[in-house]
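Working notes, structure below.
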Amino acid sequence: SSIMIAVAILVGGILMAYPLGLLVDRWGRRPVAFLSIAGEVVGLLLFSIAHTFIPLVITAILWLIPLTAWTIATNTWSKDLFPEDKRGQFAGYFLLFWVAIPMVLGPLTGGWLATRYGIPTVLDGQPGFIPTPLIFQVAGLATLLAALPLLSVKNPQAEGTRVRLRVRDDGGNRSKPAAIQVLRSERPPAPISLAATVHAHQVNLSWQIPAY
């Protein structure tokens, strides 16, 4: 069991963290978060019906990969939404709902399921219960609840104004149209400069971004 846990954490957690982080930046926080929920549900259900070592390792990896993606997406997304002057306060709120409350409700629910539906056993002279696959199946269904708050949370990556522009180089040659997305800011209006390459033309842009 220790080998299975080590392999699952190494592959599903450590090795996949960097590529999943790139995926979050490319696809966006919300899509990756939703896909992570679906993947985690599938991984938990498959893990609950695996019985031999190799299937257990494979399904554990399939469970941990979306869990890692969820962790990266939600942590990054929350930091995008934190008010500039209250990051510490909102980081505390985030940990309260992301860590503290689940660490109370999770063991209570799991302990009740293990006691109610588990297999009685005695280990080292101490009575206890062996959890059945039901505990992972219930965990998978409970994971679906995480999708509810995502439906109402703003996605800053999806909000903003797309600007199409052409530029001229020193020879007077015009570039093809290029689109640049200007994201909204939580700060009061302030001049922001951007250096961007538009079809091999270097251009400096300045504009006012309205607060919302």
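The one condition from (1) within 8 Å of the chain's Cα centre (by Cα); (2) buried (at least 21 other Cβ atoms within 10 Å of the Cβ) that Thr76 does not meet is (2). Within the range 114-145, the set of residues being under 25 Å from Trp70 (Cα atoms) and touching a helix residue (DSSP H, G or I) at 6+ places or on another chain (Cβ under 8 Å) comprises Pro133, Leu134, Ile135, Phe136, Gln137, Val138, Ala139, Gly140, Leu141, Ala142, Thr143, Leu144. Taking each residue of the range 125-146 that is loosely packed, with under 12 Cβ neighbours inside 10 Å and looking for partners that are not in a strand (DSSP E or B) with beta-carbon atoms closer than 7 Å, six or more apart or interchain, yields Ile130/Gly118. Of the residues making up the range 20-40, those that are closer than 13 Å to Ile72 by Cβ and open to solvent by 60 Å² or more (accessible area, probe 1.4 Å) are Leu22, Asp25, Arg26, Trp27, Leu35. For the range 104-138, enumerate the residues that are part of a helix (DSSP H, G or I) and among the hydroxyl-bearing types (Ser, Thr, Tyr). Correct list: Thr109, Thr115, Tyr117. Remark: Trp70 falls outside the filter, which requires a residue to be touching a Phe, Trp or Tyr at 6+ places or on another chain (Cβ under 7 Å) and either exposed (fewer than 15 other Cβ atoms within 10 Å of the Cβ) or touching a residue at least 40 places away in the same chain (Cβ under 8 Å) (or both). The conditions are (1) open to solvent by 80 Å² or more (accessible area, probe 1.4 Å); (2) under 18 Å from the mean Cα position of the chain (by Cα); (3) of a type in the set (Phe, Trp, Tyr), and Trp112 fails exactly one of them. Which is it? For Trp112, the failing item is (2). Condition first: closer than 17 Å to Met16 by Cβ and either outside any helix (DSSP H, G or I) or open to solvent by less than 70 Å² (accessible area, probe 1.4 Å) (or both). Now tell me which residues in the range 48-65 satisfy that. Those that are closer than 17 Å to Met16 by Cβ and either outside any helix (DSSP H, G or I) or open to solvent by less than 70 Å² (accessible area, probe 1.4 Å) (or both): Val57, Thr59, Ala60, Ile61, Trp63, Leu64, Ile65.
Confirm whether Val99 is modelled with pLDDT under 90, among the β-branched types (Val, Ile, Thr) and crowded, with 16+ Cβ neighbours inside 10 Å. Judged against the criteria, Val99 is not a match.
The values are calculated or read from the model by the stated rules, or taken from the named source; none is laboratory data. Not measured: the values here are computed from a predicted model. When we count neighbours, we look across all protein chains shown, and the Cβ atoms used for this are built from the backbone with ideal geometry, even at glycine. Just so you know, the surface numbers come from the protein's heavy atoms only, side chains and all, with ligands and any DNA or RNA stripped out. Shrake-Rupley method; radii C 1.70, N 1.55, O 1.52, S 1.80 Å.
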